[in-house]
Structures are given as structure tokens and as C-alpha cells.
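Asks: Take a look at the following structure, please.
The values are calculated or read from the model by the stated rules, or taken from the named source; none is laboratory data. Every value quoted in this text rests on a predicted model; they were computed, and no experiment measured them. Virtual Cβ from ideal backbone geometry, glycine too; neighbours counted across all protein chains shown. Each accessible area value is taken on the protein alone, full model and side chains, heavy atoms only, with ligands, DNA and RNA left out. Shrake-Rupley method; radii C 1.70, N 1.55, O 1.52, S 1.80 Å.
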Amino acid sequence: MNPIIPIGLVFVGCCSNVVFLELLVKECPSSGNIITFAQFLLIALEGFISTSRFGTKAPAIPISTYVVMVTLFFVTSVANNYALNFNIAMPLHMIFRAGSLMANLILGVIILKRRYKFSKYLSVLMISVGIATATIASAGDMKSKPAINSTNEVDLDHEAIYDQIYWLTGIALLTFALFLSARMGIYQETVYSKYGKHPAEALFYNHALPLPAFLLMYRDIYRHILLFNESETMLIPVLLIPIPRLWLYLIGNVATQYVCIRAVFILTSECPSLIVTLVVTLRKFVSLLFSIIYFKNPFTLYHWIGTLLVFGGTLIFADVVPMLGKALSSRKKKAE
């Protein structure tokens with residue numbers, strides 16, 4: 001397959017997915033659980049047909065081994081989406097999730113007793129400072145927001161304190177999800193080293209096995225189904241069929257999530273790691289820019305400094321500059 005196709009699908013699918021997610025969160029901030037459930041359900045149904053062949057194909061990795069991986073993946077996904085309930089701005093959410101390499105290195109040192117070269121530690125320091133800078137800048141935005149429905153100065157102070165605690169809860173969830181995701185990555189490494197890599201199978205079981213756990217959230221999901229039904233109707237483009245707006249956004253989010261996942265899967269199998277790293281990093285940066293410009297999210301100079309530190313640290317961690325140098329030198333030699 002021509003690499004342009006998966007690269008294009010990564011940008012279209014992943015960037016559109018973030019847009020639909022932000023549209024949902026802007027209108028219904030508490031919709032994290034129904035979004036997570038819909039994403040898991042679609043990918044599980046597709047995997048049941050294409051990967052497990054309607055349950056007739058036995059897994060290469062034992063189900064008992066998947067249970068731990070699935071638990072980690074499920075809790076990480078729920079925590080990431082649920083954090084949006086706590087006044088977390090989408091740009092900060094994206095910056096946090098771009099810092100996964102930092103958590104991977106820290107846990108790699110602690111759990112696997114690994115040692116890395118200096119550039120890796122430098123990149124992690126940059127990512128850590130970048131996330132901290134963006135978080136502090138966002139905390140400043142929280143403080144600058146006027147409290148509403150308050151009648152006196154005491155009410156204003158109480159509401160401001162409540163808003164800060166509420167927001168810090170979201171930050172704690174993002175931090176927890178960041179390190180839990182890294183722990184899952186380490187567990188996956190050990191599983192794949194023993195049983196071999198089976199990414200399509202892992203994708204299916206990671207989304208199918210946790211589905212019963214959503215029963216614990218059925219009240220919240222049902223409440224949001226009713227909220228979605230009551231949202232303003234829109235016409236589906238081309239088909240011109242009326243549908244509640246929030247359902248249209250959710251369908252768009254789930255569909256683009258699937259396109260994004262499949263495109264990244266194809267990209268990793270068709271392109272070298274340098275291209276994958278550059279495309280994924282650039283895609284995250286484009287999503288961030290779109291969120292800032294289109295949705296007019298507050299983004300100060302300190303946010304920009306934090307963003308550049310996070311993405312710059314990511315490129316250093318992935319050895320992108322040395323790999324680019326080698327690629328260019330090899331091309332020159334071939335030309336000569």
C-alpha cells in the first residue's frame with residue numbers, strides 16, 4: 001500500500017476524532033462514560049467479525065493473560081475520558097496524553113531496572129517541565145474565571161475553592177491514566193516477548209472483554225442516552241436525515257476513532273518507525289492547533305512553551321534528528 005494513504009487516514013481520522021470529542025464535551029461535559037462505551041462497543045463488534053471470526057478462532061494469547069491487560073486498558077480509557085468531566089480543557093488533555101514517553105521511561109527504570117542514554121533523560125525532563133508548565137498555566141486560567149450564581153464575597157471564595165478542587169481531581173485522573181497506560185505498555189512487552197505480537201487480536205480482546213464492566217455505569221450511560229435524545233436535531237450530510245445533534249457527534253467520534261486506530265495499525269506495518277513517530281507527533285500537534293484556533297480555547301505563552309517542550313522532548317526521545325541525519329546521508333551516498 002502507498003504510505004500516503006495510511007498517513008492521510010491518520011491525519012483525517014485522528015484529527016477528526018478529536019474534533020468530534022471536543023464538540024461532545026463542549027455541549028455535554030459529563031459524557032465521558034457513554035463515549036468510552038460506544039468506542040469499545042464498535043471496535044469489539046468489528047473485531048468479533050474480522051479477528052475472532054464470530055468466536056470460532058482461538059486466541060494466540062491465553063484469555064487469563066488478557067485479563068490483566070484488559071483491566072489496565074479499561075481503567076486507563078475510562079479515566080482519560082472521565083477526566084474531561086472536571087473542567088479539563090482539551091488542549092491540556094492532549095498535552096498530558098502526549099507525555100506518555102515520560103511515564104514509560106520512569107516506570108522502565110523503576111520496574112524493569114533499565115538504564116537509558118543521556119538524551120532520553122533530557123527528553124523526559126523536557127516533557128515533565130512542559131506538562132507542569134501547561135498545567136500551571138491552565139490553573140491560572142481557572143483562577144481568572146469569575147464565579148457564577150454567587151451573592152457575596154464568601155460565596156465567591158467558596159466557589160473558587162470548589163472549582164480548583166474539582167479541576168485538580170481531573171488533573172489527578174489524567175496523571176493516574178498516564179502512568180497506568182505506561183504500566184500497561186510494560187506488561188504488553190512481557191506478554192508479546194512470551195507469546196509473540198498479535199496486535200489485531202489484542203485490540204479486539206482489550207475492547208470486548210471489558211464490555212460487562214460498563215454495567216457498573218449503566219445509570220450514567222442511560223441518563224446520557226436520554227440527554228442525547230433531547231439534544232437539538234441536525235440533518236445528516238448527504239442523507240438529509242434528522243438526528244439529535246449529540247448522537248451525530250458520537251457517531252462521528254466513534255467512526256473516526258476506528259479509522260484512526262486502523263490507520264495507525266497500517267502505518268506501523270507499512271512504514272519505518274521514524275515515519276510513524278513523525279506522523280503521530282505531527283498529528284497530535286495539528287489537533288492541538290485546531291483545538292486552539294477553531295474552538296478558541298485559551299492558550300497563553302506559557303501553554304506554548306509547555307507544548308514545545310513536550311513535543312520537542314518526544315522527538316528527542318525517539319531519536320528523530322539522528323535518524324533523519326542517517327536517512328539524508330544514505331540518500332546522498334546513493335545519489336553519488
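Asks: Please arrange V18, V12 by accessible surface area, largest first, computed with a 1.4 Å probe and ligands excluded.
Replies: V12, V18
Asks: If I compute solvent accessible area with a 1.4 Å probe over the protein chains, what percent of it on the chain is carbon and sulfur?
Replies: Working: 12370 of 17860 Å².
The C+S portion of the solvent-accessible surface of the chain is 69 percent.
Asks: Here's a follow-up. Which whole-number percentage describes the relative contact order of the chain, with Cα contacts under 8 Å and a sequence gap of 6 or more? Each step should come with its number before you reach the end.
Replies: Values: 377 pairs, mean separation 128.5, N = 336.
Across the chain, relative contact order equals 38 percent.
Asks: Return one whole number: the accessible area per residue of the chain in Å², for a 1.4 Å probe. Show your work: numbers first, answer last.
Replies: Working: 17860 Å² over 336 residues.
Per-residue value: 53 Å².
Asks: Work out which helices of the chain, taken as complete DSSP H runs, extend at least 18 Å along their axis over the Cα atoms and score a mean Kyte-Doolittle of 0.0 or more, then list them.
Replies: On the way: long enough: 4-27 (35 Å, 1.78); 32-50 (27 Å, 1.51); 63-82 (27 Å, 1.26); 118-144 (39 Å, 0.91); 153-195 (62 Å, 0.29); 245-270 (37 Å, 0.95); 273-294 (31 Å, 1.88); 301-317 (24 Å, 1.53); 320-335 (22 Å, -0.14).
Within the chain the helices that satisfy the rule are 4-27, 32-50, 63-82, 118-144, 153-195, 245-270, 273-294, 301-317.
Asks: Sticking with this one: Quick one: dipole size for segment 1-149, taken about the Cα centre, charges +1 on Lys/Arg Cβ and -1 on Asp/Glu Cβ, in debye to the nearest 20. Kindly include the intermediate steps, with their values, before the conclusion.
Replies: Numbers: 11 positive and 4 negative charges, 133 e Å.
Here the size comes out at about 640 debye.
Asks: Counting only the heavy atoms of the protein chains, how much of E270 is accessible to a 1.4 Å probe, in Å² to the nearest 10?
Replies: The value for E270 is about 90 Å².
Asks: I'd like to know how segment 183-253 sits against the 2.2 N^0.38 Å rule of thumb: what's its Cα Rg over that expected value?
Replies: Working: Rg = 18.6 Å, N = 71, 2.2 N^0.38 = 11.1 Å.
Working it through for segment 183-253, the quotient is 1.68.
Asks: May I pose another question? Considering only C-alpha atoms, what is the centroid distance from segment 223-240 to segment 167-187, in Å?
Replies: With segment 223-240 and segment 167-187 each reduced to a Cα centre, they are spaced 32 Å.
Asks: What is the mean projected area of the alpha carbon convex hull for the chain, to one decimal in square nanometres? Could the numbers behind the result be given before it?
Replies: Working: hull surface 85.8 nm².
Computing the convex hull of the Cα atoms and averaging its projections yields 21.4 nm².
Asks: Size of the dipole of the chain about the Cα centre, Lys and Arg at +1 and Asp and Glu at -1 on the beta carbon, nothing else charged, in debye to 20? List each step's numbers first, then the result.
Replies: Numbers: 26 positive and 17 negative charges, 350 e Å.
Value, rounded to 20: 1680 debye.
Asks: Still on this structure, please answer the following. Cα centroids of segment 304-333 and segment 5-84: how far apart, whole angstrom?
Replies: Segment 304-333 and segment 5-84 have Cα centres separated by 30 Å.
Asks: Would you mind giving the three semi-axes, in whole Å and largest first, of the ellipsoid equivalent to segment 150-305 according to its Cα gyration tensor?
Replies: Details: eigenvalues 219, 126, 94 Å².
One finds semi-axes of 33, 25, 22 Å for segment 150-305.
Asks: Picking from T300, T135, C271, whose Cα lies most toward the positive end of the charge dipole for the chain (charges on Cβ: Lys, Arg +1; Asp, Glu -1)?
Replies: Result: C271.
Asks: Ordering S329, S123 by how much accessible area each has at a 1.4 Å probe, largest first, what is the list? Working shown, then result.
Replies: Numbers: S329 50, S123 0 Å².
If we order S329, S123 from most to least accessible, we get S329, S123.
Asks: Of S30, T56, V254, which is farthest on the positive side of the dipole of the chain, counting Cα position, with +1 on Lys and Arg Cβ, -1 on Asp and Glu Cβ, and the Cα centre as origin?
Replies: Result: T56, furthest along the dipole toward the positive end.
Asks: Of the residues K284, K120, K194, which exhibits the maximal mean-square fluctuation in a Gaussian network model of the chain defined by a 10 Å Cα contact cut-off?
Replies: K194
Asks: Oh, and also: Excluding S287 itself, what net charge comes from residues whose Cβ is under 13 Å from its Cβ, given Lys and Arg +1 and Asp and Glu -1?
Replies: Values: positive: R97, R283, K284; negative: E22.
My count for the surroundings of S287 gives +2.
Asks: Also, I was wondering about something else. How much of L23 can a 1.4 Å solvent probe reach, expressed as accessible area in Å² and rounded to 10?
Replies: About 40 Å², rounded to the nearest 10.
Asks: Against the 2.2 N^0.38 Å scaling, with N counting residues, where does segment 229-336 land? I'd like the Cα-based Rg ratio to two decimal places. Working shown, then result.
Replies: Values: Rg = 19.9 Å, N = 108, 2.2 N^0.38 = 13.0 Å.
Relative to the 2.2 N^0.38 Å estimate, segment 229-336 comes out at 1.53.
Asks: Got a number for the accessible area of I266? Probe 1.4 Å, square angstrom, nearest 10.
Replies: Roll a 1.4 Å probe over it and I266 shows about 40 Å².
Asks: Another question about this same structure. Where does each of Y82, Y192, Y294, Y66 land when they are ordered by accessible area, with a 1.4 Å probe and the largest first?
Replies: Y294, Y82, Y192, Y66
Asks: Give the span of segment 42-100's Cα atoms along each principal axis, as three whole-Å numbers ordered largest to smallest.
Replies: Extents along the principal axes, in whole Å: 44, 22, 19.
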